[in-house]
Amino acid sequence: MESVRDLDWDPARAAAFLERAAGLWRTFLEQLPTLPVARSWRPGEVRDAVAINVPEEPLAEVELFEHVRSVMFDHSVYPGHPRFMGYVTGAGTIPGAVADLLASALNQNLGGWRHSPAATEIELHLTKWFAARFGLPKTAGGMITSGGSMATFTSLKVARDRRAGWDVRQRGLREGARMVLYASTESHAVVRRAADMLGLGMDAVRPVAVDAAFRMRAGGLRDTIVADRLAGLQPFAVVATAGTTATGAIDPLPEIAGICREEGLWLHVDAAYGGAAVLADDLRPRLRGIEHADSIAFDPHKWMSTPHPGGCVLLRDLADAFDSFHLAASYTVEHRERTGGTFDFGSHGPQWSRAFTAFKIWLSLLAHGAGPYGRRISHEAALARRMGELVVQHEELELATPVSLSVCCFRYVPAGLAPDAAGREAYLDHLNERIMTEVQVDGRAYCSNALLRRRFFLRACIVNFRTEEPDVRALVDVVIEIGRRLDDEMRPAARGPAVAP
Ligand SMILES: Cc1ncc(COP(=O)(O)O)c(C=O)c1O
């Protein structure tokens, strides 16, 4: 039979292809600080430019790399830009990008140890290293996930199975009382989605009020649990957040852990964003109490800046994951004495086949070292505090809440807008929403928003190792410039009363 080798490039061709790609990457890194962070594209413009037809025959290399260039340079937003401060999206480490390439070159499937020995051992070792940093015991370990969403889902699946009191995996939820869990009103929406995916329903997430600093009220948690038990519900877990998305608030972990212990509830800590603080000497004490967690969601692709995707779930006892996820499949017969196999990730989480996602986190840590990582994370928190000072110093800006971790929430308040002007708050919401949109398409800097006590604030989240003080100042200046312009347009009599939108 004649061979068909179209897809099998020889090593020289592979290397030449990579060299061209590496050239583009180098240019990208050189130009990144001068590129617009984002732009305003006309509807359909990006689709028309990049959603090209799949060719029947190979695209000429010149054409192919022109396509890649257009994706990279003309039609993307850059989370790695020093002035990107929107969302909890890291910059993407350089060793991490190379590791992704090499991981794809090796193309390991981490479903089973026997076909991914080194990769499995690295992921086990890396997640145990993270677990130890959080103060979890030796039984602890975890998995790299697609992100905080899957880490939360995986944790709550294990919690549901461990705490139901019957074989919920086999028999489903109808066997017992209605299971409920607790999370603050500032917790991330993925908690509710996990409840949905677990068949508990989103209403099973009982909201707990927060204090003035957006932290869960431990007293409120206790009261809600008592009331729910009286109503015949079955509380099984509490989700505490260590670093809320909106403001970086850290729930009172020691108190919540105490309540969980007394009530026999599973403690899950969503440290998807704030967990990286464990690497920084000055921030680590703020996570005190996290060592009591039964499970932790922690996303290296956020504040550790490793490329997407790469979250992490940590369990106090990794064996619980096996009990929650193991399934036998007839085609996976193995003689472990001969293969050397010890641990199969495919039996410990929702995925069967798995990528070597851990490699980019691992190589980033090896290449940068834990110490410099910690110092940089500490610096980013300091930059956010600096931004808070700049906001407080400027009479047209208002700080929403003291800076916690590396988020600064603030709003533009035009000069001459009387504190008691009719429709003032609604006007400020509308104005700041428009400012955010204009900043996002302006290209000089980028921020997102937070809704705090139902008011609209601008939000800068600094999780980017390229951001420095001039970048923070630039965002503040752009907000003021755009704020003044929009206020002039929206309040025609510039010093007149506010008008409700
Ligand atoms: C606190 C928190 N938890 C969970 C998530 C969801 O994580 P992911 O987007 O990685 O799934 C986020 C995302 O920003 C977050 O900030």
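Every read-out reported here was derived from the displayed coordinates using simple, explicitly stated rules and does not represent laboratory data. Remember, predicted model here, so these are calculated numbers, not experimental data. For neighbour counting, all protein chains shown are included, and Cβ atoms are generated from backbone atoms with ideal geometry for every residue, glycine included.
Quick look at the values:
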{"item": "Relative packing of peptides 69-80, 235-246, 118-129, 179-190 - highest average C-beta neighbours within 10 Å first", "result": "235-246, 179-190, 118-129, 69-80"}
{"item": "Gain in span if fully extended, A21 to R39, counting 0.36 nm per residue against the direct Cα distance", "result": "4.1 nm"}
{"item": "Prolate/oblate/rounded call for the stretch 1-69, Cα gyration tensor, a/c under 1.5 rounded", "result": "oblate"}
{"item": "Residues E56, E30, E66, sorted so that the one with the fewest Cβ neighbours within 10 Å comes first", "result": "E56, E30, E66"}
{"item": "Residue-averaged [θ]222 nm for the chain, counting only DSSP H segments that reach four residues, each worth -39500 (n - 2.57)", "result": "-13000 deg cm²/dmol"}
{"item": "Set of aspartates and glutamates near K302 by C-alpha distance (under 15 Å), chain-local residues within fewer than 8 positions excluded", "result": "D270, E380"}
{"item": "Which of S3, A271, I94, positive extreme of dipole for the chain (C-beta unit charges)", "result": "A271"}
{"item": "Likely footprinting exposure, R206, R336, R160, R286, fewest C-beta neighbours within 10 Å first", "result": "R336, R206, R286, R160"}
{"item": "Ratio Rg/Rh, restricted to the stretch 372-490 and using Cα atoms, in which Rh is the Kirkwood radius", "result": "0.98"}
{"item": "Sorted largest first, extent of the stretch 101-371 alpha carbons per principal axis (Å)", "result": "55, 47, 27"}
{"item": "Debye, to nearest 20: dipole size of the stretch 101-371, +1 on Lys, Arg Cβ, -1 on Asp, Glu Cβ", "result": "200"}
{"item": "At 0.692 mPa s and 37 °C, Stokes diffusion of the stretch 124-265 via Kirkwood alpha-carbon radius, µm² per second", "result": "206"}
{"item": "Rough spin-label spacing in nm, given labels placed 7 Å along Cα→Cβ, for E30 and D167", "result": "6.5"}
{"item": "Net dipole in debye of the chain [+1 Lys, Arg Cβ; -1 Asp, Glu Cβ; about Cα centre; nearest 20]", "result": "1240"}
{"item": "Dimensions (Å) - the chain, Cα atoms, principal axes, largest first", "result": "81, 70, 42"}
{"item": "Cβ-based charge dipole, the stretch 338-489, positive-most Cα from I482, A358, H379", "result": "A358"}
{"item": "Most positive-pole-ward Cα, F465, Y412, L397, against dipole of the stretch 372-490 from beta carbon charges", "result": "F465"}
{"item": "Cβ crowding within 10 Å averaged over residues, with 380-393, 458-471, 296-309, 37-50 ranked highest first", "result": "296-309, 458-471, 380-393, 37-50"}
{"item": "Residues K138 and D211, FRET efficiency given R0 of 51 Å [Cβ-Cβ distance, rounded to 0.05]", "result": "0.90"}
{"item": "Within the stretch 1-133: Cβ-based charge dipole about Cα centre, in debye rounded to nearest 20 (Lys, Arg +1; Asp, Glu -1)", "result": "840"}
{"item": "Under 19 Å from the Cα of K360 - aspartates and glutamates, other chains or at least 8 residues apart", "result": "D100, E121, E123, D299"}
{"item": "Pairwise FRET efficiency - H75 versus R5, Cβ, R0 = 25 Å, nearest 0.05", "result": "0.15"}
{"item": "Within the chain, percent of DSSP bridges classed antiparallel, to nearest 5", "result": "55"}
{"item": "Estimated Rh, the stretch 348-419: Kirkwood, alpha-carbon pairs, angstrom", "result": "15.7"}
